[in-house]
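A quick write-up on the structure given underneath.
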Amino acid sequence: MPDARGGRAARAMRPGNAVLHVPRSFSHSPAEVPVDPGLIMHTLSNRRGVIQSADRSFADLSGHDPASIVGAHHRVVRHPDMPRAVFARTWQLLHDGGLAAAYVKNLAGDGRFFWVFSVVVPVAGGHVNVRRAPRGPLFAEVAEAYRRLRAAERQGEGLAAQLARLDGELADLGFADFRSFMAQAMQTEVADLPDTDDARDWRGRMTGVRARLAALQDARERLSDSIMTMRLLPTNMRIIASRLEPSGGPISAISQRYKADAAELLGQLAGGGETRPGSVRPVIAQLDELMIHDAATRLLRAAASQVTRNELVGLVTGAEVAALMQAYGDLPPPPGTLSPDELQQRVRKVRHEAEAVIRLMKGLEQVRILGEVESSRLRGADLGLSAVMAQMQEFHTRVRDGIAPMISLLRQFETAS
């Protein structure tokens, strides 16, 4: 899998296989090889991406002699339709010591192709690549995004631009970054695996909290954009007040108060995307990490149970591969991941900051009303102040529309508590 440097190590990983139907325009291969939806396949490779062992299902699906798979590099199944930016992004995650997951189109030895959802995890001495047939609703959208990425790549677009384009494609699908995409894709692709009632309930709660947080962050950003559009109104009020002297004194004081309150409100909204305790984005990122870890452990445990039943080819026994998978599946969440109690505390702080935004906006509304009172007192001799107040009223109407979903979301948090 090439990385941004395009070096040999960057080409080390070649995630695997599967089949669901995608637009015909995406494929240059003659036919798609079907993948059993109940099958979980794997390969074990060293850190250079050279396959040390594989199950017979993967060897058969790839269309290669099982004996030739061992010792081959994963690039043997790389399909020319795959954007290199996807491999660069996932390989970077592996270099950082984490796991990587993506939808991957593979090339079979006879020229046909097969799709998989591939999850690659680091193990002692290399990586285990676990693959299964994609089944989630994201798959078709991602395949189309790949088609657009490859079209730009074929026109000579460089890797840096390709990575930016990949981020843009993910943003269009509603994902803040690649890890956010991984979290949802992984949860979708393991949804059919065995689960306990307690784990299912926990996962449902976390998914619900994340959806509400994402909606809250979206509402905050839209509100912030609206407030930025009116940043000149207090200045216009002050200019008019100076022309109205000595009767413009109250208007000048109101404009100063409005400007200060608006700046405080903008600061509060901007803080929602940063790193302080009540910020929204870091909590969403923490939830994504929990979802990634949860999905990976479920998949690796399921893969371990299948390894012992499948025929393997290679230098490592099924029991050894299963032990590696099970060991990864038993790992605790990554260091720094919030515990459920800590996460609940952070969500409460997010709620409190959102409530503070609403209180500040109500205060700003009171200042606006004072301005309208002063404008009315001048009875048309306000040198254009009434026009400024009309603009401000229009702005506040838009803001009230933006705050309404925030209030609704806060009520949902209270109901879910």
What single numbered condition from (1) more than 30 Å from Val128 (Cβ to Cβ); (2) among the aliphatic types (A, V, I, L, M); (3) touching a residue at least 60 places away in the same chain (Cβ under 8 Å); (4) in contact with an Asp or Glu (Cβ under 6 Å, 6 or more places away or on another chain) fails to hold for Leu312? (1)
For region 177-214, what are the residues that are at pLDDT 90 or above and assigned to a loop (DSSP other than H, G, I, E, B)? Asp177, Val190, Ala191, Asp192, Leu193
Taking region 324-346 and keeping residues among the hydrophobic types (A, V, I, L, M, F, W, C) and surrounded by fewer than 15 Cβ atoms within 10 Å (Cβ to Cβ) leaves Ala327, Leu331
What number of residues in region 190-228 are free of Cβ contacts under 8 Å to residues at least 60 places away in the same chain, crowded, with 17+ Cβ neighbours inside 10 Å and farther than 21 Å from Leu409 by Cα? 0
Filter pass, Met325 being at pLDDT 80 or above and farther than 30 Å from His64 by Cβ: no
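The values are calculated or read from the model by the stated rules, or taken from the named source; none is laboratory data. Just so it is clear, the model here is predicted, and its values are computed rather than measured. Reconstructed Cβ throughout: ideal geometry from the backbone, glycine too, with neighbour counts over all protein chains shown.
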